[in-house]
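Remarks on the structure that follows.
The values are calculated or read from the model by the stated rules, or taken from the named source; none is laboratory data. Here the structure is a predicted model, which is why all the values come from computation and not from measurement. Glycine gets a Cβ as well: all are built from the backbone with ideal geometry, and neighbour counts include every protein chain shown.
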Protein chains: 4
Amino acid sequence: MLENDRTQAELAAAGAIQNRSGMDSEGWFEYLVRVYPHHTDYSGMVWHGTYLAWMEEARVESLRSLGIEYAEWVAQGLELPVVQLSLRYHRSVKMGQLVAIRTRMAASEGVRLLWDYEIRSPDTQELYVTAQVTLVGVDRDKGKIIRQLPPALKEALTRLSVKPST
Amino acid sequence: MLENDRTQAELAAAGAIQNRSGMDSEGWFEYLVRVYPHHTDYSGMVWHGTYLAWMEEARVESLRSLGIEYAEWVAQGLELPVVQLSLRYHRSVKMGQLVAIRTRMAASEGVRLLWDYEIRSPDTQELYVTAQVTLVGVDRDKGKIIRQLPPALKEALTRLSVKPST
Amino acid sequence: MLENDRTQAELAAAGAIQNRSGMDSEGWFEYLVRVYPHHTDYSGMVWHGTYLAWMEEARVESLRSLGIEYAEWVAQGLELPVVQLSLRYHRSVKMGQLVAIRTRMAASEGVRLLWDYEIRSPDTQELYVTAQVTLVGVDRDKGKIIRQLPPALKEALTRLSVKPST
Amino acid sequence: MLENDRTQAELAAAGAIQNRSGMDSEGWFEYLVRVYPHHTDYSGMVWHGTYLAWMEEARVESLRSLGIEYAEWVAQGLELPVVQLSLRYHRSVKMGQLVAIRTRMAASEGVRLLWDYEIRSPDTQELYVTAQVTLVGVDRDKGKIIRQLPPALKEALTRLSVKPST
């Protein structure tokens with residue numbers, strides 16, 4: 001736990017550890033979440049729709065780790081809405097558990113971005129959910145799919161989709 | 001960002017920084033959240049009900065910092081449902097912002113626990129929301145309010161409500 | 001119900017009964033909701049934040065019953081964000097139950113609108129939640145509180161706040 | 001609508017029209033929803049995860065139309081969790097719109113139930129989302145997949161999966 005005399009610098013540091021995630025040797029970006037009451041349903045397990053929120057959070061954090069602030073891109077007129085989504089629920093997750101949302105850009109086809117997901121226990125031994133999400137670049141003003149991604153985004157995504165060499 | 005050769009030990013450590021929060025000199029426990037698309041509504045700001053989820057998360061983490069695992073207490077038959085709630089929305093919070101959910105146990109009257117909340121910018125200079133929540137101890141099997149809190153919980157809460165000395 | 005040969009006209013009618021609500025002799029506008037799994041938490045009861053979504057729905061429907069389409073007002077630049085909120089949870093509501101969200105404009109002070117809420121069983125005998133919500137008119141472009149409500153809105157709200165005579 | 005002297009009987013009737021849905025000539029069960037602020041995100045459109053909640057509501061109502069009260073089956077120990085899910089988002093849906101969630105049991109393979117979904121404008125001319133969901137019967141006490149569905153449920157589902165003859 002933190003100290004009683006936290007300075008501004010320490011508060012900034014607390015913000016930094018928000019990035020409690022990173023990329024592993026197989027190119028998975030990992031984002032940890034804890035299961036709180038509002039994530040569960042009557043079964044005491046995570047409600048099946050909750051995973052979509054976590055997957056969105058992991059995706060945004062994965063982009064942030066590459067210097068892409070999604071909110072800023074939106075402010076500048078680019079959106080990346082979900083156009084396709086599939087999930088397989090292998091095991092249910094209980095209230096109080098800590099789980100790792102693992103994501104990896106699988107491929108990009110023009111302005112379509114395919115992301116793979118695995119939701120696992122933090123030690124990666126238990127597999128709870130596997131999923132795939134497809135995004136597409138949209139011009140907010142025109143309400144239309146863009147022809148090509150902005151170079152800065154393209155370049156960042158290239159870094160994301162390349163598996164780290166061993 | 002993390003390394004390519006993360007070991008199990010490092011993954012465990014990643015879990016630890018989940019506790020990216022702590023108590024400051026005025027007794028506020030602080031829990032940082034980032035605003036993702038699913039937290040917002042058509043206005044581009046946080047939807048007013050989202051704060052209740054964050055307040056619940058901060059409360060559960062505040063208890064965890066004292067060794068109280070809420071999910072375990074629930075499994076053993078004790079619940080702490082919200083019986084009263086009030087919020088004042090001072091300023092709206094935008095997508096992409098990082099905000100500090102600050103909570104402090106204000107008082108306990110028998111089995112009723114009163115919690116104060118402040119939602120601020122991480123540097124605490126901007127105030128977004130102030131709130132109060134009252135919980136009550138309930139026996140899950142009987143579906144009734146308990147007469148007194150279990151001693152272990154009472155003791156932990158005492159530590160929470162005492163402002164740190166300076 | 002369950003006709004095999006529903007025509008477009010019948011589909012339109014199905015849309016009409018969406019307005020499954022109205023004002024009673026004490027001026028309460030009533031909006032019925034069913035509790036589905038996603039509304040509940042681990043307790044099998046409605047999660048305490050779910051009520052805010054239902055209260056918003058009832059408020060929007062109450063305005064619609066007076067000819068005020070909230071989405072259109074937003075498109076034209078007026079928003080009515082929540083600035084204050086208080087709830088008391090008297091009894092919990094279980095999955096599968098049908099509940100009546102009852103709302104009534106209590107007062108308007110300039111551009112501030114105060115709404116009372118009661119959440120009850122459909123026969124009104126059981127009381128689950130009482131609440132109060134304050135909205136304020138905001139100019140979306142300027143991001144500022146407006147000086148006075150547009151006349152059409154004011155006039156509609158007058159009709160809402162007047163208790164029907166007996 | 002908006003009678004001043006609604007009686008208890010009328011209130012009960014208001015509850016009845018909650019079942020604002022039915023089966024059309026192609027076997028689609030239809031459930032109408034209105035888009036409220038809490039369904040949207042910063043884009044002013046429905047957040048992509050919101051559809052899962054609506055699909056769950058339509059599924060539960062479809063079962064209810066056949067006399068299957070999901071909450072009662074859960075209370076008796078049977079659950080039907082989602083084990084697989086896929087969605088394609090064709091067009092986005094705006095705040096204020098009324099949309100028809102259309103569902104149809106596609107097949108049942110033992111204790112696995114496959115449901116098709118279409119989300120359309122109420123006149124069925126616009127297609128927003130297509131989806132498929134697979135459920136499986138689970139014994140709540142044992143936490144295991146059941147060997148066969150209870151006869152009453154099986155019988156009801158048979159009625160659901162048979163397309164009405166013309």
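Which residue out of A:Leu32, A:Leu98, A:Leu11 is modelled with pLDDT under 95, under 27 Å from B:Phe29 (Cα atoms) and of a type in the set (A, V, I, L, M, F, W, C)? Answer to the check: A:Leu11. Considering the conditions (1) within 8 Å of chain A (Cβ to nearest Cβ); (2) at pLDDT 95 or above, B:Thr50 is excluded by exactly one of them, (1). Selection of the stretch D:87-106 for residues being closer than 24 Å to C:Val60 by Cβ and β-branched (Val, Ile, Thr) yields D:Val93, D:Val99, D:Ile101.
Residues being touching a residue at least 60 places away in the same chain (Cβ under 8 Å) and either at negative phi or surrounded by fewer than 19 Cβ atoms within 10 Å (Cβ to Cβ) (or both) are represented in the stretch A:79-87 by at least one member. Flag: D:Arg147 does not match the condition of being under 30 Å from D:His39 (Cα atoms) and among the charged types (D, E, K, R). Considered as a group, the residues in the stretch A:25-43 that are within 8 Å of chain B (Cβ to nearest Cβ) and in contact (Cβ under 8 Å) with a residue 24 or more places away in the chain include one that is farthest from the chain's Cα centre (by Cα), and that residue is A:Pro37.
The residues listed here are B:Thr158, B:Thr134, B:Thr130, B:Thr103; of these, the one that is of a type outside the set (D, E, K, R), exposed (fewer than 15 other Cβ atoms within 10 Å of the Cβ) and away from chain A (no Cβ under 12 Å) is B:Thr158. Here is the figure for the stretch C:58-82: residues that are touching a Pro at 6+ places or on another chain (Cβ under 9 Å) and closer than 22 Å to C:Ser121 by Cα total 1.
Considering the stretch C:84-96 alone, what residues qualify as being out of contact with any Phe, Trp or Tyr (no Cβ under 9 Å at 6 or more places or on another chain) and not basic (Lys, Arg)? Correct list: C:Ser86 only. Being of a type in the set (Phe, Trp, Tyr) and closer than 22 Å to B:Ser65 by Cβ is the filter here, so list the residues in the stretch B:89-134 that pass it. Those that are of a type in the set (Phe, Trp, Tyr) and closer than 22 Å to B:Ser65 by Cβ: B:Trp115, B:Tyr117. Filtering the stretch B:64-96 to residues that are within 8 Å of another protein chain (Cβ to nearest Cβ) and either among the aromatic types (Phe, Trp, Tyr) or within 23 Å of B:Val35 (Cα to Cα) (or both) leaves B:Tyr70, B:Leu85, B:Ser86, B:Leu87, B:Arg88, B:Tyr89, B:Ser92, B:Lys94, B:Met95, B:Gly96.
Selection within the stretch C:112-127: residues that are under 22 Å from B:Asp41 (Cα atoms) and in contact (Cβ under 8 Å) with a residue 24 or more places away in the chain. The member of this set that is surrounded by the fewest Cβ atoms within 10 Å (Cβ to Cβ) is C:Arg112. Take the stretch C:102-122 and flag every residue that is closer than 18 Å to C:Glu79 by Cβ and in contact with a helix residue (DSSP H, G or I) (Cβ under 8 Å, 6 or more places away or on another chain). Residues satisfying the conditions are C:Met105, C:Ser108, C:Leu113, C:Trp115. Can you tell me how many residues in the stretch A:56-105 are within 16 Å of the chain's Cα centre (by Cα), among the small types (Gly, Ala, Ser) and within 20 Å of D:Ser92 (Cβ to Cβ)? Number of matching residues: 2. Please determine whether any residue of the stretch C:47-68 is touching a helix residue (DSSP H, G or I) at 6+ places or on another chain (Cβ under 8 Å), polar (S, T, N, Q) and closer than 14 Å to D:Gly96 by Cα. Yes - at least one qualifying residue is present in the stretch C:47-68.
The conditions of being among the polar types (S, T, N, Q) and within 14 Å of chain D (Cβ to nearest Cβ) are met by C:Thr124. Within the stretch C:33-54, identify whether any single residue is farther than 22 Å from B:Tyr51 by Cα and of a type in the set (Val, Ile, Thr), and answer yes or no. Yes, the stretch C:33-54 contains a residue that is farther than 22 Å from B:Tyr51 by Cα and of a type in the set (Val, Ile, Thr).
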